Structures are given as structure tokens and as C-alpha cells.
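Novice: The structure's right below; bear with me while I get my questions together.
Laboratory data are not the source of any read-out in this text; all were calculated from the coordinates shown. As the structure is a computational prediction, the values presented were derived from the model and not from experiment. Here Cβ is always computed from backbone atoms with ideal geometry, including for glycine, and neighbour counts include all displayed protein chains.
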Amino acid sequence: MKLLPFAVLALVMNVAVRAYAQRNDVSGTIGRTFISDQLVVGSPLPDSNIHFGNGLTFEVNYARHFLDREVFAVVAEIPAIFNPNQRLHFGGFDTPSSFASYFVTPSARLHLFPETSVSPWVSVGGGLAHFSTSSRLESGQANPAGSTTTGVFQLGAGLDVRVARSVYLRGEVRELRSGEPALNVNTGKSRFDNLYAGGGLSFRF
């Protein structure tokens with residue numbers, strides 16, 4: 001009986017540590033960014049579209065759990081997405097040959113069944129997008145356009161699958177709707193859609 005208070009204290013401390021240990025997660029994913037073709041206004045070319053490659057893209061993400069229940073969890077996250085080399089092609093040779101894009105979008109994430117082995121989630125938020133175009137146009141001439149920073153709206157969905165006690169496989173898709181980079185041509189649009197799809201690992205601690 002003398003050991004009972006110590007046993008209760010040890011149990012409480014263990015539960016507290018476990019609860020605290022699951023309030024953070026850090027993840028890293030790798031994938032591709034997909035951008036639909038953009039029509040150049042007033043172009044006389046037979047193909048008047050800018051065509052974009054599928055740039056290799058990386059994401060790092062820190063998240064903090066604020067509300068955990070058996071059925072759902074509310075999480076604050078900061079996804080940072082980096083596409084270092086987005087290739088593009090336009091037959092008029094007036095566009096940059098490539099650009100890099102950076103997105104930082106503080107967001108709210110809602111997990112369903114967070115304590116189970118498979119947990120789907122959705123995310124919504126917004127922040128800043130930065131585009132840095134190449135120094136040369138496709139024609140080889142100097143690029144008169146520069147870098148651009150705009151606001152961005154983020155909408156995402158994903159799935160976490162537990163593979164170890166605190167390690168999860170993560171697959172995700174995020175739509176990043178921003179202002180346009182400096183393409184040096186007129187597309188007649190003020191918004192630019194970047195679709196990121198990737199996979200990787202998430203660690204909870």
C-alpha cells in the first residue's frame with residue numbers, strides 16, 4: 001500500500017508525457033507541382049499557350065495540435081513549399097526559361113480519427129508566395145522581369161498512415177492559388193494555380 005501513491009504518480013506522469021509528446025509533428029514530403037497551360041492574349045502563333053513542366057517540389061511542415069478528440073483533432077500548421085526549377089515554354093520565346101517558387105501558408109488542419117492507424121485530413125489557410133524568374137528569356141535575351149511576391153490561398157487534403165509508434169506515411173495534395181509570376185507576356189489573368197502532390201513522412205513528438 002505504501003507504494004500505491006508512487007504508482008499513481010508514475011501513471012499520471014506517463015500519461016501526461018505521452019499526451020504532450022503527441023502535440024507536435026514535423027513532416028517532409030517530395031512531389032511535383034502541376035500548372036495548367038496559360039493562353040497569351042493577342043499572340044498570333046498557332047500555339048498561343050505557355051506550357052509548364054512538372055517541377056520537382058519539396059515541402060517541410062511544422063504543426064501543433066491544439067484540440068485532440070477521439071473522432072477529430074484541430075491542428076495549426078505551417079507548410080513551406082519550394083519548387084526550385086519550374087520549366088516553361090512559349091513559342092514566341094518571350095517568357096523566362098524557368099522560375100523558382102516559394103510558398104509559406106500558415107493553416108488550420110482538421111484530422112479525422114487522429115488516434116487510429118489511418119487518419120484523413122483537410123487543410124485551409126493562406127500566406128505569401130514568392131516567384132523568382134530566370135535571368136534569361138527563352139530567346140536568350142536578358143529577362144526584363146524580376147521577382148514577384150504575392151498573397152496565396154492554400155487548400156489541401158491528405159492521408160496519414162501509421163508505420164511505427166510516432167511515424168506516419170503521408171500523402172497529400174495542396175492547391176496554391178496566388179498572383180502570377182512575372183512571365184513577361186499578357187495572359188489576361190490575375191491569379192495563378194499551383195497544384196502540389198507529394199508524399200513523405202510525418203513524425204509526432
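Novice: Got a sec? Charge dipole of the chain, +1 on Cβ for Lys and Arg, -1 for Asp and Glu; which of LEU159, HIS51, ALA129 is way out at the positive end?
Specialist: LEU159
Novice: Let me ask something else about it. Does anything in region 142-157 have its amide N under 17 Å from the 7 Å Cα→Cβ label point of LEU128, and if so which residues?
Specialist: 147-154
Novice: Express in whole angstrom the spacing between the alpha-carbon centres of region 129-190 and region 66-114.
Specialist: 7 Å
Novice: If you place +1 on the Cβ of every Lys and Arg, -1 on the Cβ of every Asp and Glu, and leave all else neutral, what size is the dipole of region 25-131 about its Cα centre, to the nearest 20 Debye? Walk me through the numbers on the way to the answer.
Specialist: Numbers: 5 positive and 9 negative charges, 20 e Å.
The dipole magnitude comes to about 100 debye.
Novice: While we're looking at this one, here's another question. Please work out how much length the chain gains when fully extended from ARG23 to ALA197, using 0.36 nm per residue of separation minus the C-alpha to C-alpha distance, in nm with one decimal.
Specialist: 60.1 nm
Novice: Here is a further query. Explain nothing, just compute: Karplus ³J(HN,Hα) = 6.51 cos²θ - 1.76 cosθ + 1.60, θ = phi - 60°, for every residue of region 103-120 in order, whole Hz, x for Gly and Pro.
Specialist: 10, 10, 9, x, 8, 9, 10, 10, 9, 9, 6, x, 8, 8, 6, 10, 10, x
Novice: Under a Cβ-only charge scheme (Lys and Arg +1, Asp and Glu -1), can you give me the dipole magnitude of region 133-205 about the Cα centre, in debye to the nearest 20?
Specialist: Working: 9 positive and 6 negative charges, 66 e Å.
Charge dipole, region 133-205, about its Cα centre: 320 debye, nearest 20.
Novice: Something else now. Based only on other Cβ atoms within 10 Å, what is the fewest-to-most ordering of TYR196, TYR102, TYR62?
Specialist: Taking fewest neighbouring Cβ atoms as first place, the list is TYR62, TYR102, TYR196.
Novice: Under the 0.36 nm per residue contour assumption, what length would be gained going from the current alpha-carbon distance of HIS51 and ASP37 to full extension?
Specialist: Between HIS51 and ASP37, full extension yields 4.5 nm more.
Novice: Taking the Cα atoms only, what angle lies between the long axis of helix 4-21 and the longest principal axis of the chain, rounded to 10 degrees?
Specialist: 0 degrees
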